[in-house]
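The values are calculated or read from the model by the stated rules, or taken from the named source; none is laboratory data. These numbers come from a predicted model, not from an experiment. Using ideal geometry, Cβ is built from the backbone for each residue, glycine included, and neighbour counts are taken over all protein chains shown.
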Amino acid sequence: MSFQSLGLSEALLKAVSKKGYTTPSPIQQKAIPPVLEGKDVLASAQTGTGKTAGFTLPLLHILSENPKEKFRPIRALILTPTRELAAQVYANVKEYSEFLNLRSAVIFGGVNQKPQAATIRQGIDVLVATPGRLLDLENQGLLSLKRVEIFVLDEADRMLDMGFLRDIERVIKMMPEKRQNLMFSATFSKDIKKLAHGILNHPVQVEATPENTTVDAISQKVYRVAKGLKTDLIIKLISDGNWKQVLVFARTKHGANKLCEKMGKAGIKAAAIHGNKSQGARTKALSGFKSGSVSVLVATDIAARGLDIPLLPHVINFELPNIPEDYVHRIGRTGRAGASGEALSLVSADETTFLRDIEKLIEMKLPVEILEGFEPDPNASTAPIKQGQGRQNRNSRNSNSSNSSNRNSGGNNKSRRPKRTNDRRS
Ligand code: AMP
């Protein structure tokens, strides 16, 4: 399929070809036609799938077909959870609209509002915004959403994770009832479905797996281990393997910090990336990881979403996620062009239910390995861990890693592409 066959205007095709895109990504192929038809769309897609162009290109097409050059009320609103994403989406809007007579702006908090308000006053067609600053400026009468024709809610799941539900509801009340709505989310929890139900009108549902379709080629393995031995085990795996680029997922911010600290003491260059870290600290951690001065990035799910990092050779789940789809997103970070990646999970007794749920979703049993000296605790409860209780057991005992040997090697099976659950489709 080509971009031409999607029915986009010449000006947009020119911008797309200037970007060097030759073929629309799967989410673009699926989302662009219904958006162009004026339908509401509910899309399951995460960063890396080309989702931004998936909504931006048809949105610009629709606006440019019916220009309002004199007055320029805000006709399209793209709401994003973070400043970084807002800036990124805005950059895309600018690039794709280069050959169109459309104006756009971006607004987010943490910076002076005056220049943002001044740009809006001059008239813009497309506004990219984070909820807080948008509501601020609206409350001050510095912008109006009364003429919005197209509303895009980007990374809706992250919006909810960040507590923006009330803000979204407020924003919706400021727009006309008759409008086109597009909602993008990487996961589909009950709350997301409820939100979608409230916003979207008979939506067309589309979905795409990440662009790195190497999920097929990812070796997955579970290490059954006592909770208190996880830190020692992960240090051993990374040190023995001399791994240089590892993305580790921790359940909590506190857990991520503690793990980093312990890795640092063991001589592993690690940095944490999560919501409590300042923007500066996050950027520094990420650039260190990209340049190689940091070998291990320890992230929480929320922080990892939207992270612009290339595919990695190793992803380790220090703790399993309690949402099975998050497992698929996490391991989708591994694999390199042509080569396969490795996804390891350290699983303690209280994560047994999570493991079962993941295996059900991906429709395969994950091979299990137990390393000598890192055995699971036979007396530990298999009652599932509650959310927010993912902290490490401090009674970690030292183990003699040199004694370790494979006891029950299940081998590195290749996974099949995870089949979607109904949960994702609905
Ligand atoms: P996104 O998921 O929107 O963050 O996009 C991920 C990356 O893919 C960005 O760097 C885009 O510039 C790029 N991209 C988007 N669409 C295409 C395409 N059709 N062909 C190649 N790259 C693309």
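So which residues in region 15-52 are within 23 Å of THR119 (Cβ to Cβ) and aliphatic (A, V, I, L, M)?
Scanning region 15-52 gives a single hit, ALA15.
Out of curiosity, is LEU135 touching an Asp or Glu at 6+ places or on another chain (Cβ under 8 Å), in the same structural domain as VAL35 (by the TED database) and more than 30 Å from SER9 (Cα to Cα)?
Numbers: touching an Asp or Glu at 6+ places or on another chain (Cβ under 8 Å): yes; in the same structural domain as VAL35 (by the TED database): yes; more than 30 Å from SER9 (Cα to Cα): yes.
So LEU135 fits the description; yes.
If you go through region 343-369 one residue at a time, how many are surrounded by fewer than 18 Cβ atoms within 10 Å (Cβ to Cβ) and assigned to a loop (DSSP other than H, G, I, E, B)?
4
Would you say PHE3 is in contact with a helix residue (DSSP H, G or I) (Cβ under 7 Å, 6 or more places away or on another chain) and either farther than 17 Å from GLU149 by Cα or not assigned by the TED database to the domain that holds VAL152 (or both)? Before you say what the answer is, go through the steps one by one.
Values: in contact with a helix residue (DSSP H, G or I) (Cβ under 7 Å, 6 or more places away or on another chain): yes; either farther than 17 Å from GLU149 by Cα or not assigned by the TED database to the domain that holds VAL152 (or both): yes.
So PHE3 passes the test.
Of ASN242, ASN201, ASN181, which residue is polar (S, T, N, Q) and in contact with a Leu (Cβ under 8 Å, 6 or more places away or on another chain)? Talk me through it step by step, then tell me what you get.
Numbers: ASN242 fails: in contact with a Leu (Cβ under 8 Å, 6 or more places away or on another chain); ASN201 fails: in contact with a Leu (Cβ under 8 Å, 6 or more places away or on another chain).
After ruling out the rest, the residue left standing is ASN181.
For the structure I just gave you, tell me whether VAL171 is closer than 25 Å to PRO58 by Cα, touching a Phe, Trp or Tyr at 6+ places or on another chain (Cβ under 9 Å), in the same structural domain as LYS68 (by the TED database) and not charged (D, E, K, R).
Yes; evaluated as a whole, the condition is true for this residue.
Restricting attention to region 334-387, and to residues there that are of a type in the set (Gly, Ala, Ser) and touching a strand residue (DSSP E or B) at 6+ places or on another chain (Cβ under 9 Å), which single residue is modelled with the lowest pLDDT? Give the derivation first.
At the first step, the residues of region 334-387 found to be of a type in the set (Gly, Ala, Ser) are 335, 337-341, 343, 345, 348-349, 373, 380-381, 383.
Those left that are additionally touching a strand residue (DSSP E or B) at 6+ places or on another chain (Cβ under 9 Å): 335, 340-341, 343, 345, 348-349.
Values: GLY335: 63, SER340: 60, GLY341: 80, ALA343: 93, SER345: 97, SER348: 97, ALA349: 95.
Among those that are of a type in the set (Gly, Ala, Ser) and touching a strand residue (DSSP E or B) at 6+ places or on another chain (Cβ under 9 Å), it is SER340.
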